[in-house]
Amino acid sequence: MTELFVVSSQAEGGELAADRIAATMTSVGARFVLGVATGSTPQSIWRALAARCRSLDLSTVPAFALDEYWDIPEGHPESYQAVVEREITSPLGLNPQLVRVPGDDGKDSAAPSRYEQAIRAAGGITLQVLGIGRNGHIAFNEPGTSLASRCRIARLTQQTRRDNSRFFAAAEDVPSYCITQGIGTILEAERLVLAAYGLDKAHALAAALEGPVTSTVPASALQLHPGVTVIADAAAASQLKHAGNYLAAGAL
Ligand code: F6R
């Protein structure tokens, strides 16, 4: 069953997620593989983890990003490869050689299957951090994506392009295509930690957790996963009808 934590700030959410990551690392040891997300939501998680760098050695942990823009100039500061390096790899003290972003070994048609293969070769993702789009996407799996989808090249919706235009100088600079882990890929991670903050995410979060499982709301596929932790602030949780029914660790 999904566990839900309603937190009073993103900083608190970051600490909670960092606790989860550290505890999972301790329990699985050297086979720990971290799945990372970009965007605004997980930033407090990366800050909380970075602050623990002295006691938590992440230098041998392989990490896989969820997604990347496809049609973005190489070296662009908003490419997820650059963002991951700046916001995750360097502050967390990860080994850059062990950090992968889809398409980082060449943007050709075989890149998605090579990425799937790399995840498999690393032993699979132990814990995947996720955000959620206002339209219910996870990674760049937009509404209408098959719940069995694998890593692939896909098109971004206009809404996602608009939402992400805040990172670019001009709206038309936002890429139109992406390479993304599929929903089927994400569901294979052993544990999922999804964070959502702000009223903007309330509708998507309620549809994901309490609506029908449907490709129209890709994040609703999380209902099929046995190990999901959701961290939300009160605004993002405000449209949940059954918030009191979720199991929160330590509540029993
Ligand atoms: C990012 C990703 C996306 C974001 C989502 C929310 O790697 O996969 O699904 O998690 O678009 O973005 P933010 O957190 O910026 O609101």
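Which of Ser55, Ala243, Leu34 sits closest to the plus end of the dipole of the chain, meaning its Cα is farthest towards the positive end, when Lys and Arg get +1 and Asp and Glu get -1 on the C-beta?
Final value for the positive-end residue is Ala243.
Arranged from highest to lowest average of other beta-carbon atoms within 10 Å per residue, in what order do the peptides 195-207, 5-17 appear?
195-207, 5-17
For Arg100, what residues show an amide H to amide H distance below 5 Å, using hydrogens built from the backbone and excluding near sequence neighbours?
Ala63, Phe64, Ala65
Just add up the charged neighbours of Asp233: K/R +1, D/E -1, any other residue whose Cβ is under 14 Å from the Cβ of Asp233.
Cβ neighbours under 14 Å give a net charge of -2.
What are the residues whose amide H is under 5 Å from the amide H of Val129, where those residues sit 5 or more places off or on another chain and H is modelled from the backbone?
Those lying under 5 Å, H to H, from Val129 are Gly35, Val36, Ala37, Val193.
Sort 162-168, 176-182 by packing, meaning the average of other beta carbons within 10 Å per residue, with the highest value first. Please list the in-between numbers first.
Details: 162-168: 14.6, 176-182: 23.1.
Per-residue mean Cβ counts within 10 Å order the peptides as 176-182, 162-168.
Could you give me the ³J(HN,Hα) list for segment 95-106, computed from phi with Karplus coefficients 6.51, -1.76, 1.60 and θ = phi - 60°, whole Hz, x at Gly and Pro?
7, x, 5, 9, 9, 10, 10, x, x, 6, 10, x
Suppose each label sits 7 Å from its Cα in the direction of the beta carbon; what would the Arg31-Ser90 distance come out to in nanometres?
3.5
Relative to the present Cα-Cα distance, how much length would full extension add between Ser40 and Tyr177 at 0.36 nm per residue of separation? Could you put the intermediate results ahead of the total?
Numbers: separation 137, 0.36 × 137 = 49.32 nm, distance 1.99 nm.
The Ser40-Tyr177 span can extend by a further 47.3 nm.
So, in Å, what gap is there between the alpha-carbon centers of segment 149-200 and segment 61-82?
Using only Cα atoms, the two centres lie 12 Å from each other.
Rounded to a whole number, what is D in µm²/s for segment 2-245 from Stokes-Einstein with the Kirkwood radius over alpha-carbon pairs (37 °C, 0.692 mPa s)? Please report the intermediate quantities before stating the final value.
Values: Rh = 17.8 Å.
The diffusion coefficient I find is 184 µm²/s.
Val217's amide H: which non-local residues (gap 5+, or another chain) put their own amide H closer than 5 Å, with H modeled 1.01 Å from N in plane and none for Pro or chain starts?
Residues meeting the amide H criterion: Gly144.
Test of understanding: in a Gaussian network model of the chain with alpha carbons linked when under 10 Å, which of Ile183, Ile72, Ile138 would top the mean-square fluctuation ranking?
Of the options given, Ile72 has the highest mean-square fluctuation.
Read the figures in this text as sums done on the coordinates, not as results from a lab. The structure displayed is predicted, hence computed values, not measured ones. We place every Cβ from the backbone using ideal geometry, glycine too, and count neighbours over all the protein chains shown.
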